[in-house]
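A quick write-up on the structure given underneath.
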There are 2 protein chains.
Amino acid sequence: MENSKKIALILSGSGVYDGTEIHEATMTMYAIVKQGGEYQTFAPDIKQHHVINHITGEEMNETRNVLIESARIARGNIKNINELVINDFDAIMFPGGFGVAKNLSDFAFKGANCTVVSEIEKVIKEAVTAKKPIGALCISPAIIARVLEGVELTIGQDEGTAKAIEAMGGRHKTTNHGDVIVDTKYKVATTPCYMLDATITDIADGAINVTKAVFEMM
Amino acid sequence: MENSKKIALILSGSGVYDGTEIHEATMTMYAIVKQGGEYQTFAPDIKQHHVINHITGEEMNETRNVLIESARIARGNIKNINELVINDFDAIMFPGGFGVAKNLSDFAFKGANCTVVSEIEKVIKEAVTAKKPIGALCISPAIIARVLEGVELTIGQDEGTAKAIEAMGGRHKTTNHGDVIVDTKYKVATTPCYMLDATITDIADGAINVTKAVFEMM
């Protein structure tokens, strides 16, 4: 598929409470291929902030690596984010999950005062400079707002998160299932997914709609 | 959704090489909800056979629990397989992944001489007795063949696996992407998914088609 569009899909672990939200990542892969594109996954080679037992919600006495755990969603086909050459891709996309707010940044702990992991910040800025669209689902718009001054986006309806985004200079729009907000200046498309109380069909709708918006901006 | 069909979705960890194949599980959940049904996930509360680094394919010096790791795919909404009361459900379904052949059974190591974990064998037999359909994706038909004498099914085109299934008394049919084999006597529907060299859209097709077949047999 020499001429198909290539999307760099950036993961943050495997599991909603300490990594990438699995359904959002899977549905984004599905949406990309359904649009006739291809994906290559990337993640940073760093320790997870922590490991959460997804039944109890409690921290486990373990350490796991973000790149190695992300490979579970990618079926092994994943690269270190350091190897991402933006000109080899037509767009970048971020599924959600707490990994975005705990591993790719410290937004879960510091809110508007968060910092984004330097490799991730670099990739977002390079995408904007190269005029490549960025798609972001669920909580991942929060790190886009930290990096791109004044970007317009959505995380759905959560007031605390929306306020933190506005405190970072972002412009938050309230949305419902499957809605997409597009910032045409930065070429950023966002959708709420599991930031709302959603079913898996809502996640498919959101992933498909935001991916379509990304493809339209290529 | 009082009257919607309820499917027990049985997981075996989280990650293709030592647990449930993540895309197959996610797409089966999606297919169930798209058909108007609901799912409840279950897994056995046992240690994983081993933990595989999904980048290198090598074993890691760790121990993980099948129920706790499966909860990552289920976003925490999972129950111990011991709590599965067959009459509360309209069907049971098994996504694939090596977890089926390493955690729910020892098929990966013993082939036709494998045994299936007793709670899983019990649930399969109870489903047949209660005339509830069973859906199985990828490698999971192998454990159905171990439990149900003479069942007709598919794992795609892999000759070694097909021979092992026939050695257990199963009748294997060769299939391609998205195909479904239905055994009307046992009410078992199977599809190959990642037992073939497949894209994620092939997995969606297979999951949707096998789920439709399961719903038609309710």
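The values are calculated or read from the model by the stated rules, or taken from the named source; none is laboratory data. Small disclaimer: the values here were computed from a predicted structure and weren't measured. Methodologically, a virtual Cβ is constructed for each residue, glycine included, from the backbone with ideal geometry; neighbour enumeration extends over all protein chains shown. Remember, those area values only see protein heavy atoms, side chains included, never the ligands or the DNA or RNA. Shrake-Rupley method; radii C 1.70, N 1.55, O 1.52, S 1.80 Å.
Could you name the residue in chain A with the C-beta closest to the rotation axis that superposes chain A on chain B, along with the separation in whole Å?
That would be A:THR26, 2.
Ordered by residue, what ³J(HN,Hα) values in Hz, to whole numbers, does the stretch B:53-61 give under the Karplus form 6.51 cos²θ - 1.76 cosθ + 1.60, where θ = phi - 60° and Gly and Pro are x?
In residue order, the calculated couplings are 5, 6, 8, 8, x, 8, 6, 9, 7 Hz.
Between beta-carbons, use under 14 Å as the cut-off and find the net charge around B:ALA31, counting Lys and Arg +1, Asp and Glu -1.
-2
Could you pull out every residue, at least 5 positions away or on a different chain, whose amide H is within less than 5 Å of the one on B:GLY170? Hs are placed 1.01 Å off N in the peptide plane, and Pro or chain starts have none.
B:GLY150
Choose one of B:VAL85, B:VAL16, B:THR154: the residue whose Cα lies farthest towards the positive end of the charge dipole of chain B (beta-carbon charges +1 Lys, Arg; -1 Asp, Glu; about the Cα centre).
The residue sitting farthest along the positive end of the dipole is B:VAL85.
Pairs A:LYS79/B:LYS34; A:LYS79/A:LYS122; B:LYS102/B:LYS163; A:LYS47/A:LYS122; B:LYS110/B:LYS173: which exceed 24 Å Cα-Cα?
Listed pairs above 24 Å: A:LYS79/B:LYS34.
How much accessible area is lost when chains B and A come together, counting both sides, with a 1.4 Å probe, in Å² rounded to the nearest 100?
Answer for the B-A pair: about 3200 Å² buried.
Which residues' amide hydrogens lie under 5 Å from the amide hydrogen of B:VAL51, considering only partners 5 or more residues apart or on another chain, with H built in the peptide plane?
B:MET60, B:GLU62
What's the FRET efficiency of B:GLN35 with A:GLU38 using the Cβ-Cβ distance as r and R₀ = 35 Å, to the nearest 0.05?
That gives a FRET efficiency of 0.75.
Would you kindly derive the ³J(HN,Hα) couplings of the stretch B:171-178 from the backbone phi angles with the Karplus curve 6.51 cos²θ - 1.76 cosθ + 1.60 (θ = phi - 60°), listing them in order in whole Hz, with x for Gly and Pro?
Per residue, the Karplus-derived 3J(HN,Hα) values read 10, 8, 10, 6, 9, 10, 3, x Hz.
If amide hydrogens are placed 1.01 Å from N in the peptide plane, which non-local residues have theirs closer than 5 Å to the one on A:LYS5?
A:GLU38
Could you give the nm distance between label points at B:ALA167 and A:ASN3, where each point is 7 Å from its Cα heading toward the beta carbon?
The two pseudo-label positions are separated by 4.9 nm.
For the stretch B:88-103, what does the Karplus curve 6.51 cos²θ - 1.76 cosθ + 1.60, with θ = phi - 60°, yield as ³J(HN,Hα) per residue in whole Hz, taken in order and with x for Gly and Pro?
7, 10, 9, 6, 10, 9, 10, x, x, x, 4, x, 5, 8, 10, 10
Any idea what the B:ASP88 label distances to the other copies are, label 7 Å down the Cα→Cβ vector, nm, shortest first?
4.9
Calculate, in nm to one decimal, what B:THR63 and B:ALA108 gain on full extension: separation in residues at 0.36 nm each, minus their alpha carbon distance.
14.3 nm
Provide the solvent-accessible area of A:LYS212, counting protein heavy atoms only and rolling a 1.4 Å probe, rounded to the nearest 10 Å².
90 Å²
Rounded, prolate or oblate: which fits the stretch A:57-135, taking a ≥ b ≥ c as square roots of the Cα gyration tensor eigenvalues, rounded meaning a/c under 1.5, else prolate when a/b beats b/c?
Verdict is oblate for the stretch A:57-135.
Is the shape of the stretch B:6-216 rounded, prolate or oblate, going by the alpha carbon gyration tensor and its root eigenvalues a ≥ b ≥ c, with a/c under 1.5 for rounded and a/b larger than b/c for prolate?
Since a/c stays below 1.5, the shape of the stretch B:6-216 is classed as rounded.
With an 8 Å cut-off on Cα pairs and a minimum separation of 6 or more residues, tell me the relative contact order of chain A in percent.
Relative CO of chain A lands at 20 percent.
Provide the per residue accessible area, probe 1.4 Å, for the stretch B:6-216, rounded to a whole number of square angstrom.
36 Å²
Compute all pairwise cysteine Cβ distances in chain A, then list the cysteines with no distance under 4.7 Å to another cysteine.
A:CYS114
Once you order the gyration tensor axes a ≥ b ≥ c over the Cα atoms, which shape class does the stretch A:105-175 get: rounded for a/c under 1.5, otherwise prolate or oblate by comparing a/b with b/c?
Because a/c hits 1.5 or more and a/b fails to exceed b/c, the stretch A:105-175 counts as oblate.
Within the stretch B:6-216, what percent of beta bridges assigned by DSSP are antiparallel, to the nearest 5?
The antiparallel fraction comes to roughly 25 percent.
Which percent, nearest 5, of DSSP beta bridges in the protein assembly as shown are antiparallel?
Roughly 25 percent of the DSSP beta bridges within the protein assembly as shown come out antiparallel.
Indicate the residues belonging to the stretch A:21-39 that lose 30 Å² or more of solvent-accessible heavy-atom surface (probe 1.4 Å) upon moving from the chain alone to the assembly of all protein chains, ignoring ligands and nucleic acids.
When all protein chains are present, A:ILE22, A:HIS23, A:THR26, A:MET27, A:TYR30, A:VAL33 each give up 30 Å² or more of accessible surface.
Hey, what number do you get for the protein assembly as shown at 222 nm if only DSSP H runs of n ≥ 4 count, each worth -39500 (n - 2.57), divided across all residues, to the nearest 500?
Result for the protein assembly as shown, helices only: -10000 deg cm²/dmol.
Find every distance from the label point of A:GLU62 to the corresponding label point in the other copies (7 Å from Cα along Cα→Cβ) and write them in nm, one decimal, shortest first.
Those label-point separations list as 0.5 nm.
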